[in-house]
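The values are calculated or read from the model by the stated rules, or taken from the named source; none is laboratory data. No experiment lies behind these values; they were computed from the predicted model shown. Glycine also receives a Cβ, built like all others from the backbone with ideal geometry; neighbour counts cover every protein chain displayed. Keep in mind that these areas ignore ligands, DNA and RNA; they rest on the heavy atoms of the full protein, side chains included. Shrake-Rupley method; radii C 1.70, N 1.55, O 1.52, S 1.80 Å.
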Amino acid sequence: MEQLNIAVCEDDRADLQHLCRLITANGASANVSAFETGEDFLAACQPDRFDLIFMDIYLDGLNGVETVRRVRSMGITAPVAFITISEDFAMDSYRLDVEKYIEKPARQEKVDESIALALRKKEERRIDMIVWGRREPVEFSAAQLRYVEQREHFLTFYLTGGRVWRRKGKLNDLEPLLAKHSFFRCHKSYLVNLNFVLNIDKEQMVFQMKEGGNAYIRRETFYRAKGAWENWLFTSAREKGEANE
């Protein structure tokens, strides 16, 4: 079984020890890093370092919600499980793509579900690796690609964490490689990952993207683009709801 790198951010020593015992009892191969503050966690957090994050909401100083908001702004998409004493922040969990919402005291079954989810997503990332280009090939996970823009004979790849790559190629050749993922061709020059759409602007005819940038939408396909995004939102919300039952 592949090893998981797990972060636990919890300022209560007893709760921290309890959660670590549950992680150990799961039996998965795991390397656990513990943090007592959101600030300490952010200082250590880097793209692809952690496969799963357990985050206490009621932290001293920077609380868990704001900590995860900053994590997401860094382009980090690792699964997050909020650990809390109430459901007051349930809506924030949806806005921040938090997969699990675990009430204290944490139970073994909830921790097991979180670990199973992290293992599945890690395997998906491995399978979803895309290699593009001949002379200067680039390798990336489809889950980290926000959108692609074509200008003349070159493609610009906008990835998470502010990374931008430019390679020779055509969207028509790239699009089939991403067909099984949540990508939508909204314009002859743009291919977007619906996971990273923040909003849709009817006046400007663009998808506004998380982490910045706009992707233009053809007028003729506006309502199809809008429908595709709304369907993705509905499916995503349903899957998260089922995961937290």
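Brief remarks follow.
- Verdict on V111 being modelled with pLDDT of 90 or more and either within 21 Å of the chain's Cα centre (by Cα) or open to solvent by less than 70 Å² (accessible area, probe 1.4 Å) (or both): yes
- Qualifying residue in the range 145-152 (condition: under 25 Å from C45 (Cα atoms) and open to solvent by 50 Å² or more (accessible area, probe 1.4 Å)): no
- In the range 18-33, the residues that are under 10 Å from S114 (Cβ atoms) and modelled with pLDDT of 95 or more form no Cβ pair under 6 Å with any partner that is open to solvent by less than 40 Å² (accessible area, probe 1.4 Å) and among the hydroxyl-bearing types (S, T, Y), whether six or more places apart or across chains.
- Hits in the range 153-163 - residues which are within 18 Å of R125 (Cα to Cα) and open to solvent by 20 Å² or more (accessible area, probe 1.4 Å): Y158, G161, R163
- The criterion of at least 2 residues that are touching a Leu at 6+ places or on another chain (Cβ under 9 Å) and surrounded by 13 or more Cβ atoms within 10 Å (Cβ to Cβ) is met by the following strands (runs of 3 or more DSSP E) wholly inside the range 164-233: 164-168, 183-187, 190-193, 206-209.
- Scan of the range 133-144 for residues that are assigned to a loop (DSSP other than H, G, I, E, B) and open to solvent by 60 Å² or more (accessible area, probe 1.4 Å), ordered by number: R134, R135, E136, P137
- The range 1-25 - residue that is touching a strand residue (DSSP E or B) at 6+ places or on another chain (Cβ under 9 Å) and assigned to a helix (DSSP H, G or I) and, of those, surrounded by the most Cβ atoms within 10 Å (Cβ to Cβ): L19
- Unique residue being over 17 Å from N214 (Cβ atoms), charged (D, E, K, R) and touching a strand residue (DSSP E or B) at 6+ places or on another chain (Cβ under 6 Å) when the list is R185, R166: R166
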